[in-house]
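Just so you know, all these numbers are worked out from the coordinates, no wet-lab data involved. The shown structure was predicted, so the numbers you read here are calculated from the model rather than taken from an experiment. Positions of Cβ are backbone-derived with ideal geometry, glycine not excepted, and every protein chain shown enters the neighbour counts.
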Amino acid sequence: MMDIESARAAVAAFEDLLDKTDAESAHARVRPGAWTLAEITGHLIDSASNNHQRFARLRLGGLEGFPGYDAEPWVAAQGYNSCDFLTLATLWSSYNAFLLHLAETTPEAALENAWVTPAGPKTLGFLIGDYYEHLKMHAGHYAQRLAEVRAALAGS
């Protein structure tokens, strides 16, 4: 499991990126098929939502049969790019404040509870750490896309 201070830093770094994003930039598509910043944020809301369920359920014991997540259809189905960006940013921030609370207050014994997946068991401790690693990866993706969007908007 990632230490809580590292997790807090990952959340704060992404919140900083959200704060630097204006609505025009959030909804600009730099090329066909490339997610907008609003869609990246939406994907991270999906990640928070799915992981919230995993974290809460695994605190109570093992988990089998939990549905998976297919990013592209979920992002497309939810229409994140047509949603107000401030709404998305606020939801992401609030959800992640709560997930930090869950991570911080998870009983030590529960960290070994496992979700049985087709790829093998994944402990709650692993899933919490993996969640924040996923966030850091997407924060890098977001920062790169923000730079692309700003360059494209400056050139138009």
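Summary table below
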item	result
Residue match in segment 4-18 (condition: over 14 Å from the mean Cα position of the chain (by Cα), more than 21 Å from T87 (Cα to Cα), of a type in the set (D, E, K, R) and surrounded by fewer than 19 Cβ atoms within 10 Å (Cβ to Cβ))	yes
Looking only at segment 92-118, and only at residues there that are in a loop (DSSP other than H, G, I, E, B) and either within 13 Å of the chain's Cα centre (by Cα) or in contact (Cβ under 8 Å) with a residue 40 or more places away in the chain (or both), the one that is nearest to S25 (Cα to Cα)	T106
Residue identified as touching a residue at least 24 places away in the same chain (Cβ under 8 Å), surrounded by 13 or more Cβ atoms within 10 Å (Cβ to Cβ), in contact with a Leu (Cβ under 8 Å, 6 or more places away or on another chain) and over 20 Å from A110 (Cβ atoms) among A89, A71	A89
Pairs with Cβ under 9 Å, 6+ apart, first in segment 137-156 and more than 17 Å from A12 (Cβ to Cβ) and touching a residue at least 60 places away in the same chain (Cβ under 8 Å), second in a helix (DSSP H, G or I) and not polar (S, T, N, Q)	H141/I40; R145/L37; R145/I40; V149/E24; V149/A26; V149/L37; L153/E24
Counted residues, segment 74-86 - those being buried (at least 16 other Cβ atoms within 10 Å of the Cβ) and in a helix (DSSP H, G or I)	5
